Amino acid sequence: MDVYLHSAGTVLPGPPVDIPTLAKRFGLPSVWEQWVDSFIDTPVRHYSVDLDSGETRFSLTDLATTAGERALAAAGTAPDRIDLIVMGTSSPDMLMPATVNVVADRLGVDDVATYQLQSGCAGAVQALDVARRLLRSGEHRTALVLGADSCARHLDLTVDVSALPPGEQVNGVLFGDGAGAAVLGTKPGDNGIALRWTRVRCVGRGREPGQTLNWFGAADRHVDRPAAVEDYQAVQEAVPPLAAATLDEVLDALDWDRGELDYVLPPQLSGRMTDAILARLDVPDAREVSCVRETGNTGNALPFFQLERLLPHMITGDRAVGVAIESSKWIKAGYALEKVGP
């Protein structure tokens, strides 16, 4: 049974925050700005928290609900048509109840199968993979797939950022907040875009994590360990070859030739990393679909921002491959789309 991608919807919280604004807010020198520009090259990001007051303006549930509403509206699908919801996130509002179930309640969806996947940058593709497999089983007909993250919960607005090691500083400029959603179904719909393939593989055996997010409970909430740490050098070295391997695996599985690829949706860790990954993917004839320089790295939301940009431009016969790489314990994920409809 074929599975089709009907729509995508996204949301960003608040106004864009640029590097000079961050530097001013945390009292950082101009040399820090220069380092971020040359090393990261992600000009803006969006936060769910107000940097001046510290007030949280949007919960992850707020963002995911809005993205879901927009995806449903774009697909012309009423909430009561949904019989499956899958969500990927690394930053749920709480451990229980799962954010996906609160979002379902907000959307007015009830008596449906729901799944929440605890994952980083690969979580959106993991959610697409789970939804595709369940739809292909014939047990479900219409799925809402969500990807959302909020790094705002890890921003300590009282900390002296200049005293932090680079592995902790980098998270504050790499990541922003956002949510995305897509509607999938077993009928072609108006778009006629088939989700031909999804693939997810953990390849972290014997490898140290590239990123760590700690959870704190009542017993250890005062333990002196950082909430978020990233080994950016390890990420720089590992992600491009993992992305290239993932692209090759998807193309091989579908027996697609590199020259037949019309669009490529690369991993979006940062602006600088995107350029390095594209060079490694070696698909010069495929059009790049990127957004990280305009949105910041929104984690599990980011593939949906790419899809939202892609869908209006696909014409019958077009083929696209998306790749996501998660550095926490090294997960490579990919998916393929083909326009088969009008």
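Residues checked against (1) under 22 Å from the mean Cα position of the chain (by Cα); (2) of a type outside the set (Ser, Thr, Tyr); (3) within 24 Å of His154 (Cβ to Cβ); (4) at pLDDT below 95:
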position: Trp32; (1), (2), (3), (4): no, yes, yes, yes
position: Phe39; (1), (2), (3), (4): yes, yes, yes, yes
position: Thr77; (1), (2), (3), (4): no, no, no, no
position: Gly88; (1), (2), (3), (4): yes, yes, yes, no
position: Val102; (1), (2), (3), (4): yes, yes, yes, no
Enumeration of residues in the stretch 91-111 that are assigned to a helix (DSSP H, G or I) and among the β-branched types (Val, Ile, Thr): Thr99, Val100, Val102, Val103
The lone exception for Thr142 - which of (1) surrounded by fewer than 21 Cβ atoms within 10 Å (Cβ to Cβ); (2) touching a helix residue (DSSP H, G or I) at 6+ places or on another chain (Cβ under 9 Å) it fails: (1)
Flag if Pro15 is free of Cβ contacts under 8 Å to residues at least 60 places away in the same chain and in contact with a helix residue (DSSP H, G or I) (Cβ under 7 Å, 6 or more places away or on another chain): no
Single residue of Gly206, Gly172 found to be outside any helix (DSSP H, G or I) and of a type outside the set (Ser, Thr, Tyr): Gly206
Close pairs (8 angstrom Cβ cut-off, 6 or more residues apart or separate chains): free of Cβ contacts under 8 Å to residues at least 24 places away in the same chain in the stretch 261-283, part of a helix (DSSP H, G or I) and of a type in the set (A, V, I, L, M) anywhere: Thr274/Val292
Answer from Asp129, Asp110, Asp105 - the residue that is without any contact (Cβ under 8 Å) to a residue 12 or more places away in the chain and under 22 Å from Thr186 (Cα atoms): Asp110
Residue in the stretch 132-143 that is more than 17 Å from the chain's Cα centre (by Cα) and part of a strand (DSSP E or B) present: yes
Test result for Leu251, outside the structural domain of Pro13 (by TED's automatic domain parsing), more than 16 Å from Glu338 (Cβ to Cβ) and either at pLDDT below 95 or outside any loop (DSSP other than H, G, I, E, B) (or both): no
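Condition check ((1) more than 17 Å from Ala179 (Cα to Cα); (2) outside the structural domain of Pro15 (by TED's automatic domain parsing); (3) in a helix (DSSP H, G or I); (4) at pLDDT 95 or above) across all residues:
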| residue | (1), (2), (3), (4) |
| --- | --- |
| Gly259 | yes, yes, yes, no |
| Val264 | yes, yes, no, yes |
| Asp275 | yes, yes, yes, no |
| Phe304 | no, yes, yes, yes |
| Glu308 | no, yes, yes, yes |
Residues of the stretch 202-255 that turn out to be touching a Lys or Arg at 6+ places or on another chain (Cβ under 7 Å), closer than 14 Å to Ile331 by Cα and either polar (S, T, N, Q) or surrounded by fewer than 12 Cβ atoms within 10 Å (Cβ to Cβ) (or both), as a count: 1
Selected residue [modelled with pLDDT under 95, more than 17 Å from Asn171 (Cβ to Cβ), assigned to a loop (DSSP other than H, G, I, E, B) and of a type outside the set (A, V, I, L, M)] from Pro15, Pro20: Pro15
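Residue-wise test of (1) over 24 Å from Val130 (Cβ atoms); (2) without any contact (Cβ under 8 Å) to a residue 60 or more places away in the chain; (3) aromatic (Phe, Trp, Tyr); (4) assigned by TED's automatic domain parsing to the domain that holds Thr10.
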{"residue": "Ser53", "(1), (2), (3), (4)": "yes, yes, no, yes"}
{"residue": "Arg57", "(1), (2), (3), (4)": "yes, yes, no, yes"}
{"residue": "Leu60", "(1), (2), (3), (4)": "no, no, no, yes"}
{"residue": "Glu69", "(1), (2), (3), (4)": "no, no, no, yes"}
{"residue": "Pro79", "(1), (2), (3), (4)": "no, yes, no, yes"}
{"residue": "Val86", "(1), (2), (3), (4)": "no, no, no, yes"}
{"residue": "Thr89", "(1), (2), (3), (4)": "no, no, no, yes"}
{"residue": "Val100", "(1), (2), (3), (4)": "no, yes, no, yes"}
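The values are calculated or read from the model by the stated rules, or taken from the named source; none is laboratory data. The structure presented is a predicted model; accordingly, all values stated were derived computationally and were not measured. Quick reminder, even Gly has a Cβ in these numbers, built from the backbone with ideal geometry, and neighbours come from all protein chains shown.
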